[in-house]
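Visitor: This is the structure I have questions about; it appears just below.
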Amino acid sequence: MKNAFILAIILMQFAAVSCIPYKDTLYLQNKSEATDTTRVLLEQQKPYRVQINDILNIRIKVTNQDNVEIFNPIGVGDLNASGAERAYFDGFTVDLHGNIRIPELGYINVLGFTASEIEQRITQRLLEDQFKETANIFVTVKLTGLKYTTYGEIGNKGTRLLYQERANIFEAIANSGDIPDTGNKKDVLIIRQYPDGQKIHHIDLTDRKVMHSPYYFIQPNDMIYVKPLKQKSWGTGTSAIQNIGAVATVLSLITTSILLFQRI
């Protein structure tokens, strides 16, 4: 019984060490300031620049709208499609050369340009080839949603599409089922697409300084990877209560085994 008591103490210490600290489960902690009322200024988001495989929604309006029906291919694909599928059929996909193909205007290079810059380029081509100033051309260019992918230790893995122009990392995670206690909130990886390839960025969601980060707002085609904490690989519980319950079960089995052996 003495050995069982010593073993119980060892197991209890292991349970205390293996549980996940409370501070590791909290978002936006004030780690560097003395008060909780610190004003945090958001990092100014730079305009997004179009990349290969992006899908653009382009709409052209003029005084006589009948003259631009060919430029606005609404519903020319699958009439039963909706949401992301509709965007795919009605939008203009940026090809591997960074071009989109618009009826009558042909190929226009958009790689690395912002939405407003693409609007100006299309307007200029229309004035050169199709219309005069008196047509009052109005061009709008938008991404057909904000697509991102989550994987790792997160509630719902997979690709999601938000129909808004910008979203921060917390919105993206909330739409993916949140990060469980076994996920590492201190080192979340953002794999971001650039014209010259992919880059990995690290952000700490437990520190409110994350709102200063240039990666606080996600971009189209971002991949968000949440690493599991070591406690998950140990197979222990996430809290002291869970660990004590596991220890109690193990201790009960050991005690029962010892008593059985003593009777033999």
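The values are calculated or read from the model by the stated rules, or taken from the named source; none is laboratory data. Keep in mind it's a predicted model, so treat the numbers as computed, not measured. Glycine gets a Cβ as well: all are built from the backbone with ideal geometry, and neighbour counts include every protein chain shown.
Visitor: Being modelled with pLDDT of 95 or more, over 30 Å from residue 69 (Cα atoms) and touching a helix residue (DSSP H, G or I) at 6+ places or on another chain (Cβ under 8 Å) is the requirement here; does residue 150 meet it? Step through it out loud before you land on a result.
Guide: Working: modelled with pLDDT of 95 or more: yes; over 30 Å from residue 69 (Cα atoms): yes; touching a helix residue (DSSP H, G or I) at 6+ places or on another chain (Cβ under 8 Å): yes.
For residue 150, the condition - modelled with pLDDT of 95 or more, over 30 Å from residue 69 (Cα atoms) and touching a helix residue (DSSP H, G or I) at 6+ places or on another chain (Cβ under 8 Å) - is met.
Visitor: Out of the residues in region 44-61 that are exposed (fewer than 15 other Cβ atoms within 10 Å of the Cβ) and over 25 Å from residue 127 (Cβ atoms), which is modelled with the highest pLDDT?
Guide: 53
Visitor: Looking at region 140-147, can you tell me whether even one residue there is surrounded by 13 or more Cβ atoms within 10 Å (Cβ to Cβ) and farther than 17 Å from residue 59 by Cβ?
Guide: yes
Visitor: Follow-up question, since we're still on this one. Kindly evaluate residue 125 against the criterion of being in a strand (DSSP E or B), at negative phi and not assigned by TED's automatic domain parsing to the domain that holds residue 185.
Guide: Here the answer is no, as residue 125 does not meet what is asked.
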